[in-house]
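Contents: one structure, followed by commentary.
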Amino acid sequence: MSSPTTAPTDSPAFPWIGLLTLAGAIFVSVTSEFLPTGLLPEMASDLNVGLSTAGFLVTVFAGTVVIATTPLAALTRRYSRKSLVVVVLLVLALGNVLAALAPTYEILVGARILGGLAHGLFWAVVAAYSAHLVPRHQLGKAVAITAGGGSAAFVLGVPVGTALGHSLGWRMAFGIIAVIIVILALAVIKFLPPVNHHVVVKTGEIPVPLRKDRSIRGIALLCAVIVIIITGQNIYYTYIAPWLIDAAGFPETSVAFLLFIFGGAGAVGLVLAGFASDRFPKRGFAVALIAIMAAVLVLALWSTHPVVVVVAFVVWGVAFGGIPAMLQTRMLHTASFRTRDLAAALQTTAFNIGIGGGALLGGFLLDTRGLQSLPIAHVIFIAVGFLLLVGSDAMRAARARRPLTV
């Protein structure tokens, strides 16, 4: 008589600890990238440079990511994903230490370049990591959890860093974030599961060049949309501290609190995005972009009314809070398994073209047109991204409905 057998468990447990560890790593990386946005006036004053020159610190960081991400991802494609996450976090910590100690603006630029190298490779690895931890039908949930790290960076990281910079000096803020990054690197070693990211070729199968993969066209289109939308966002957001102080008339001491409100609103938007991504991803994304345009237009037209500014600021935060997660989820669904790492690298490049390009263009507009031009430019870029994405979706749906010809 045979002994009873235990029914096998086909579905592995949802990797909460690993995803939360990734979220923590994303939190410190995003905080490190955007920390200067809340401290631009202090940094500019301490280093004897203009606001637009200080804003270039965001551009040079993002520009480094743009140039280095795809080559670094290609060079390291055979290495362990987990080991790479640890290494790049430690290099990012070093970049922040050097920034805290930089005696001149030029050395600070060098520290930001080092941070950009680490940040680019970090995102090239991390953007696809959650897709290796969960099955395809759980991608939206997994991405929402890891994207929570980026949202938390805007809720806590940047506002708290701004408050620390105001009270202890901007150099101390960079030093503290460096220590936190090292702690998260240790957490990654302890809690993040390793993954196998290599594509297994079946017997007799000939690997097709990546450029001939059917998902490449969709990846390229989505990257173009990312560049446009994130450029628009960072034209304005990079200089949000001086805009709040000089254009909206808020005291300098309130900037950290307002950034905290914006980040908290973004967290709400991320939760809503997790709901929308599974049920109506296209309509949810379109509604978010429309809400951003409406809120920023209100900020442009009624900047002298504090209550209106705060309400519109919150709406903007909610609407934009879920945009990065929705874009990442859409990218992972668009890419085939074999192009996931490439898609992650290109997505990171696209985001940072937008971040750096937005900061650069915003600085140019600030010098030539003034602070009030920034929200108007933001609305224009978001409108173009909206039309491109909605138009491409409509064309794809029309092709799908078209009857096949024999």
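What are the residues in segment 48-66 that are assigned to a helix (DSSP H, G or I) and surrounded by fewer than 18 Cβ atoms within 10 Å (Cβ to Cβ), if any?
The answer is 53, and nothing else.
Free of Cβ contacts under 8 Å to residues at least 24 places away in the same chain and over 17 Å from the mean Cα position of the chain (by Cα): which single residue out of 257, 275 fits that description?
Being free of Cβ contacts under 8 Å to residues at least 24 places away in the same chain and over 17 Å from the mean Cα position of the chain (by Cα) holds for just one of 257, 275, which is 275.
Can residue 177 be described as buried (at least 18 other Cβ atoms within 10 Å of the Cβ) and of a type in the set (A, V, I, L, M)?
Judged against the criteria, residue 177 is a match.
Going through 262, 320, 351, 337 one at a time, which residue ends up being under 24 Å from residue 119 (Cα atoms), touching a helix residue (DSSP H, G or I) at 6+ places or on another chain (Cβ under 9 Å) and surrounded by fewer than 21 Cβ atoms within 10 Å (Cβ to Cβ)?
337
Within segment 373-381, is even one residue over 29 Å from residue 131 (Cα atoms), modelled with pLDDT of 80 or more, polar (S, T, N, Q) and touching a helix residue (DSSP H, G or I) at 6+ places or on another chain (Cβ under 6 Å)?
Yes, segment 373-381 contains at least one residue that is over 29 Å from residue 131 (Cα atoms), modelled with pLDDT of 80 or more, polar (S, T, N, Q) and touching a helix residue (DSSP H, G or I) at 6+ places or on another chain (Cβ under 6 Å).
Test of understanding: among 134, 158, which residue is more than 13 Å from the chain's Cα centre (by Cα) and either surrounded by 24 or more Cβ atoms within 10 Å (Cβ to Cβ) or within 25 Å of residue 71 (Cα to Cα) (or both)?
The match here is 158.
For residue 250, all conditions in the list (1) in contact (Cβ under 8 Å) with a residue 40 or more places away in the chain; (2) part of a helix (DSSP H, G or I); (3) not acidic (Asp, Glu) hold save one; what is the number of the exception?
Evaluating residue 250 over (1) in contact (Cβ under 8 Å) with a residue 40 or more places away in the chain; (2) part of a helix (DSSP H, G or I); (3) not acidic (Asp, Glu) leaves (2) as the failure.
Hey, any hits in segment 272-290 for a residue that's surrounded by 21 or more Cβ atoms within 10 Å (Cβ to Cβ), within 27 Å of residue 369 (Cβ to Cβ) and β-branched (Val, Ile, Thr)?
no
Of all the residues that make up segment 11-47, how many are among the hydroxyl-bearing types (Ser, Thr, Tyr), over 22 Å from residue 324 (Cβ atoms) and either at pLDDT 85 or above or in a helix (DSSP H, G or I) (or both)?
Residues flagged as among the hydroxyl-bearing types (Ser, Thr, Tyr), over 22 Å from residue 324 (Cβ atoms) and either at pLDDT 85 or above or in a helix (DSSP H, G or I) (or both) within segment 11-47 amount to 1.
May I ask you to verify whether residue 99 is over 17 Å from the mean Cα position of the chain (by Cα) and crowded, with 24+ Cβ neighbours inside 10 Å?
When the stated conditions are applied, residue 99 passes them.
The values are calculated or read from the model by the stated rules, or taken from the named source; none is laboratory data. Keep in mind that this is a model prediction, so the values were computed, not measured. Cβ sites come from the backbone with ideal geometry, for glycine too, and all protein chains shown count toward neighbours.
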